[in-house]
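See below for the structure under consideration.
What follows is calculated from the coordinates using simple rules that are stated; it is not laboratory data. Since the structure is predicted, the reported quantities are computational estimates derived from the model, not experimental observations. All Cβ positions, glycine included, derive from the backbone under ideal geometry; neighbour counts span all protein chains shown.
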Amino acid sequence: MQPEEQIASREIYDGKIIKVRVDDILMRSGTKSVREVVDHANAVVIAPIDADDNVLLVRQYRYAAGQSLLEAPAGLIEEGEDPDDCAQRELAEEIGYASRNLRILGGFWSSPGFCTEFMYAYLAKDLVPRSLQADDDEDIQVEKVPLSRIPQLIRLGEIQDAKSIAALLMATCIFDA
């Protein structure tokens, strides 16, 4: 049962990464309302862990946040691309590795109140060198962090990115089980 029915939709913006639309909806109660929706491609986020139980994270400047953030490797799934293939591509582009043991941890909506993006979270182990050209608009530094320090870095606010927090905590649950 769908509690809200779209009765009209207007595209407000069509950009390189997002589209924004305003939908008029009819709620189950008969009340009319408006929903603002950001259409965004699905994505992957990966917790890559090396043989020494270090997590390979990326530090990059995020314009919208106005600061450099420590994050798990992540990226948008290209049209027609499988999430597993995307995860391997992002590993190679961002940290210079591929995984011979890539495991899906689950997934989550990044911000379901207004955004269509669904993120697939992965654990990547048995890392082997594999480098792909990084995206032109990214300036990334790779940092190795002991897996055991991840909860502390989250508590201290050293890791503030929601997708990274979710994927890294999912990965640490695997090791605690």
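Listed by chain and number, the lysines placed with their C-alpha closer than 22 angstrom to that of K125 are K144, K163; residues fewer than eight positions away on the same chain are left out. Which distance in nm do the two modelled labels at Q160 and S33 give, with both placed 7 Å along the Cα-to-Cβ direction? So the two model labels end up 3.1 nm from each other.
Taking the C-alpha atoms only, the angle from helix 83-95 to the longest principal axis of the chain is near 50 degrees. Computed from the Cβ-Cβ distance with R0 of 25 Å, the FRET efficiency linking V142 to E79 stands at 0.35. Here the calculated FRET efficiency for Y61 and Q2, from their Cβ-Cβ distance with R0 = 41 Å, stands at 0.50, rounded to the nearest 0.05. Determine Rg/Rh for the range 27-101; Rg is computed over alpha-carbon atoms and Rh is the Kirkwood hydrodynamic estimate from the same atoms. Across the range 27-101, the Cα-based Rg/Rh ratio is 1.17. Assuming 0.36 nm per residue, please report the length gained on full extension of the stretch R10 to F118 beyond their Cα-Cα distance. Roughly 36.6 nm would be gained on extension.
Dividing the Cα radius of gyration of the chain by 2.2 N^0.38 Å, with N the residue count, gives 1.16. Sorting E5, E81 from the fewest to the most surrounding beta carbons within 10 angstrom yields E5, E81.
The ranking of I154, I18 from fewest to most other beta carbons within 10 Å of each one's beta carbon is I18, I154. With helices as the sole contributors, the chain gives -6000 deg cm²/dmol at 222 nm; each DSSP H run of n ≥ 4 counts as -39500 (n - 2.57), and the sum is divided by every residue.
The amide H of E81, built 1.01 Å from its N in the peptide plane, has no neighbour under 5 Å, considering only residues 5 or more places off or on other chains.
Using θ = phi - 60° and the Karplus curve 6.51 cos²θ - 1.76 cosθ + 1.60, what whole-Hz ³J(HN,Hα) does each residue of the range 99-116 get, with Gly and Pro shown as x? Couplings: 10, 8, 9, 9, 10, 6, 9, x, x, 7, 7, 5, 7, x, x, 8, 10, 8 Hz.
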